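Working notes for the structure below.
Read-outs throughout are calculated quantities, based only on the coordinates presented, and are distinct from any laboratory measurement. Just so it is clear, the model here is predicted, and its values are computed rather than measured. Heads up, the Cβs are rebuilt from the backbone with ideal geometry, glycines too, and the neighbour counts pull from every protein chain shown.
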Amino acid sequence: MHHHYKPLLLSMSLLLGLSACQPASTPEANSNTVPTVTASSTAQFDWFHYQGMDPIFDGPLASGTFQNPVLAGFFPDPSIIRNGDDYYMTVSSFTYTPGLPILHSRDLVNWTLHGYALTRESQLDMAGLQVSRGIFAPTLRVNNGVYYIITTVVDRGGNFILTATDPAGPWSDPIWLPEVEGIDPDLFFDDDGRVYIAHNGEPEESLYEGHKAIWLWEYDLANQKIIADSQRLLVNGGVDLSTKPIWIEAPHIYKHDNWYYLVCAEGGTADEHSAVVFRSRSLTEPFVPYTGNPILTQRDLDPTRPDPITTAGHADFVQLPDGSWWAVFLASRAYQERFFNTGRETFLLPVTWKDGWPHILPAGETIPYRLNAPTSLASVPAAQPLTGNFTWRDDFTNSTLDLQWNTLRQFDQSWLTLANQQLQLKPGVGLSSFDQPSFVSRRQQHMHFEASTQMHIPAATVNQASAGIVAFQNETYHYYMGVRSKGDGKELFLEKAAGAAPEQIAALPLAADATQLRLKISGQAGSINFYYALGDGEWQAVSDTQDAKILSTQVATGFVGTMLGLHSRQETGGN
């Protein structure tokens, strides 16, 4: 799934620039350092409101049909299972916490966020990791009433397995697999009781850039360890090594009609992405590629087509009780041919079998936005939809964060308080830091959206702080609109980070007695606008229209989507 990633190396000038955003008493390297703040500098938010307004989602769904993507926004690398009448998925979460979202459905098309597999520090530590590192593609499986997730934490320990008897959790601490290198591990339970792990890794001899291989190990389930000397090569390079295929990855093994099928991704997770299939009569014999590969891609289509869906690949299959097969896979809804801010999303299509091979989509066909739902499953709408145009609001009436909210890197939430129907944030490090900022966020799930909040402006303190609303792609690509003390009054400011340290692009004085403020971000594909309103007043623009392409994967790089949320930062003195 993940490829051609070059770690973001901070230049000395950038490091110096970032230091200006941080209190001198808060060393960047120490992720446990919490700034000393007074209660009066704690930011207080009354609510957060999100509304999606994508034209592609307009209009009611016809009876018996469903909307693609089934998971809109940053839900990449889906892996799916059925257990009885219940369907579950998990997806990549990178350095967002809690990690490994667990999604549930009864009808395969309406999904609910059910919980998370990674919820506590004893499971892993991602302190100091760039946002697109951490948890890469997982595989979710169930066997004899036990649920398994096998996945990779990049730069912090490699491959591991989690187990649970309830998908909602709690999940176990990791069973580490030091022998299994690379990424995208798969867990396969054969019908003879033997268990196997397939994964992406380095080839025996690398012949070109992007040359990878798929490897297989046998796994001792009872003793929770790899069986020594069981490793064997399944695929070298891809479907046809002579064409120099790149980034063979995301293996999943299935058994059907006495054949073993191996479905992989090929071509990298960007515009050339695809799904390909191989089969073998035995796991000890060579896997033969299908002559009709790829079985899914959008790379050959006209880039100027309307409402393009791009980057399709990385599929996982599930079989329904009626015997039909379906595939979930990642793809992206793009604007201006290939830009997307919403990350890689989860789509669903039926699988058809022909001459002993599975097909997801014929060559040259576009992925449909709407198509017929599984006829054998009764529709069960989700209380909080994850696709289509919807509104979502949090009035902070619960004692714990809503499942839609995520934090960065660590599981510590000591800096936030839910009380008196408010979310209260203590100021911490800035968003450019690789520590855990005081930042809660939810996915941008639409190209066209509004996100707004109402906050109480922190009083002036010795330890000055700012607080406000954020559109965040990564440490060096984000927008932050906040309020801070300025002289004897207050100042509303807008910052933009576009590949370097944040720069202030707007500042407006506020009256010293201003205490309540509403803030709003409005996105329209490649453009973004920022507004504020005092008390019950009218919305007013903070600046002219800004460039939202800096929040796209094509500009910001990495593997995540834009997150929208609330932030509080400790300011240097003298603001």
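Each peptide in 394-404, 115-125 was scored by the mean count of other Cβ atoms within 10 Å over its residues; highest first, the order is 115-125, 394-404. Working from Cα pairs under 8 Å separated by at least six residues, relative contact order for region 69-372 is 14 percent. Each label was represented as a point 7 Å from its Cα along the Cα-to-Cβ direction; for residue 369 and residue 255 these points are 4.3 nm apart. Rounded to the nearest Hz, the phi-derived 3J(HN,Hα) couplings of region 142-157 under the Karplus curve 6.51 cos²θ - 1.76 cosθ + 1.60 (θ = phi - 60°) are 10, 8, 6, x, 10, 9, 10, 10, 10, 7, 10, 9, 6, 6, 8, x, where x marks glycine and proline. Across region 406-418, coupling constants 3J(HN,Hα) worked out from phi with the 6.51/-1.76/1.60 Karplus curve, θ = phi - 60°, read 10, 10, 10, 6, 10, 9, 5, 10, 5, 8, 10, 9, 10 Hz, and Gly and Pro carry x. Model label sites at residue 414 and residue 231, defined 7 Å from Cα along the beta-carbon direction, differ in position by 4.1 nm. Of the residues 193, 74, 371, the one whose Cα sits farthest towards the positive end of the charge dipole of the chain is 74 (charges of +1 on Lys and Arg Cβ, -1 on Asp and Glu Cβ, taken about the Cα centre).
Sort 72-81, 274-283, 384-393 by packing, meaning the average of other beta carbons within 10 Å per residue, with the highest value first.
The most tightly packed comes first, giving 72-81, 274-283, 384-393.
Around the Cα centre of the chain, unit charges on the Cβ atoms of Lys, Arg, Asp and Glu (plus for the first two, minus for the last two) sum to a dipole of about 700 debye.
Note on region 446-525 and region 305-335: Cα centroid distance 37 Å, given to the nearest whole angstrom. Put simply, the amide H of residue 194, placed in the peptide plane, has no neighbours under 5 Å, leaving out anything fewer than 5 places away on its chain. Taking a straight Cα-Cα cut-off under 13 Å and skipping sequence neighbours fewer than 8 places away in the same chain, the aspartates and glutamates within cross-link reach of residue 225 are 179.
If you take the square roots of the eigenvalues of the alpha-carbon gyration tensor of the chain and sort them as a ≥ b ≥ c, do you get rounded (a/c under 1.5), prolate (a/b over b/c) or oblate? Verdict is prolate for the chain.
Count Lys and Arg as plus one, Asp and Glu as minus one, and take only other residues whose Cβ is under 14 Å from that of residue 167; the net charge is then 0. The residue among 535, 567, 162 whose Cα reaches farthest toward the positive pole of the charge dipole of the chain, with charges on the beta-carbon of Lys, Arg, Asp and Glu, is 535. Computed from point charges on the beta carbon alone (+1 for Lys and Arg, -1 for Asp and Glu), the dipole magnitude for region 135-234 about its Cα centre is near 280 Debye.
Considering only alpha-carbon pairs that sit under 8 angstrom and 6 or more positions apart, the relative contact order computed for the chain is 19 percent.
Taking region 52-76 and a reference point 7 angstrom along Cα→Cβ of residue 400, no backbone N atom is nearer than 16 Å. For the peptides 132-143, 224-235, 405-416, the ranking by mean Cβ contacts within 10 Å, running from highest to lowest, is 132-143, 405-416, 224-235.
Magnitude of the charge dipole for region 364-505, about its Cα centre and with charges confined to Cβ atoms of Lys, Arg (+1) and Asp, Glu (-1), is about 100 debye. Note on residue 554 and residue 281: their simple-model spin labels are 4.9 nm apart, each label 7 Å out from Cα toward Cβ. Amide hydrogen proximity for residue 115: with H placed 1.01 Å from N in the peptide plane, the residues at 5 or more positions away or on another chain lying under 5 Å are 102.
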